[in-house]
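Below: one structure, written as structure tokens.
What follows draws every value from the coordinates through simple rules; no lab data is involved. What you see is a predicted model; the values in this text were computed from it and never measured. Quick reminder, even Gly has a Cβ in these numbers, built from the backbone with ideal geometry, and neighbours come from all protein chains shown.
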Amino acid sequence: MGYVFDHPWELGLILAIVLASVLDLGRRCSRYFKIEDVPQRKEQMGTIRDGLFILVSLLLGFTLTMAVSRFVERRSLLVEEAVSIGTTYLRAATLPQPYRDHSRQLLREYVDTRLERGNLGGDASRVDRIRRQRGPLL
């Protein structure tokens, strides 16, 4: 069973439809209760609307700031891992012959597995299949 957050486009579409429905309901309620006719209520509604827009913009700004920092950190860790694998592959050349080929082959398998795992995305069934094929350390 998948989670709702595994399908961001569908979740966004559902949230947009719910938001549009709530906005329409609010507009209909304001007509029914004649909020637009009283100047004091109209001013209060404008203040509430402006406050909500400010709150949403702050929430969006902080969310994007956190996402950018996580993206940069993930990217630097990926580059660091690639450099470490390259260094290990070069250092494997200093090992005696029976171990040299075996360690290089293990590094190649690791890189293949890592690339395959990175291309899977959020597909849990494919991840489980790869784990069964390659071992539990994936």
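Using θ = phi - 60° and the Karplus curve 6.51 cos²θ - 1.76 cosθ + 1.60, what whole-Hz ³J(HN,Hα) does each residue of the range 24-31 get, with Gly and Pro shown as x?
These are the phi-based 3J(HN,Hα) values: 5, 4, x, 5, 5, 5, 5, 5 Hz.
How much length, in nm to one decimal, is gained on full extension between Ser57 and Arg104, taken as 0.36 nm per residue of separation minus their Cα-Cα distance?
The span from Ser57 to Arg104 would gain 11.8 nm if fully extended.
Go through the range 12-20 residue by residue and turn each phi into a ³J(HN,Hα) via Karplus (6.51, -1.76, 1.60, θ = phi - 60°); whole Hz please, and just put x for glycine and proline.
After applying 6.51 cos²θ - 1.76 cosθ + 1.60, I find x, 5, 4, 5, 5, 5, 5, 4, 5 Hz.
What distance in nm separates the two pseudo spin-label positions at Leu95 and Leu64, each 7 Å out from Cα along the beta-carbon direction?
4.8
Under 8 Å for C-alpha pairs, at least 6 residues apart: give me the relative contact order for the chain, rounded to a whole percent.
Relative contact order for the chain comes out at 11 percent.
So how tilted is helix 97-118 from the main axis of the chain? Cα-based, degrees 0 to 90, rounded to 10.
20
Averaged over every viewing direction, what's the projected area of the C-alpha convex hull for the chain? Give it in nm², one decimal, please.
About 12.5 nm², averaged over all directions.
So how far apart, in nm, are the two label points at Leu25 and Val79 if each is 7 Å from Cα heading toward Cβ?
Reported label-point gap for Leu25 and Val79 is 4.9 nm.
Residues of the range 2-21 with the amide nitrogen closer than 14 Å to a label point 7 Å from the Cα of Asp128, along Cα-to-Cβ, please.
Within reach of a label on Asp128: 2-3.
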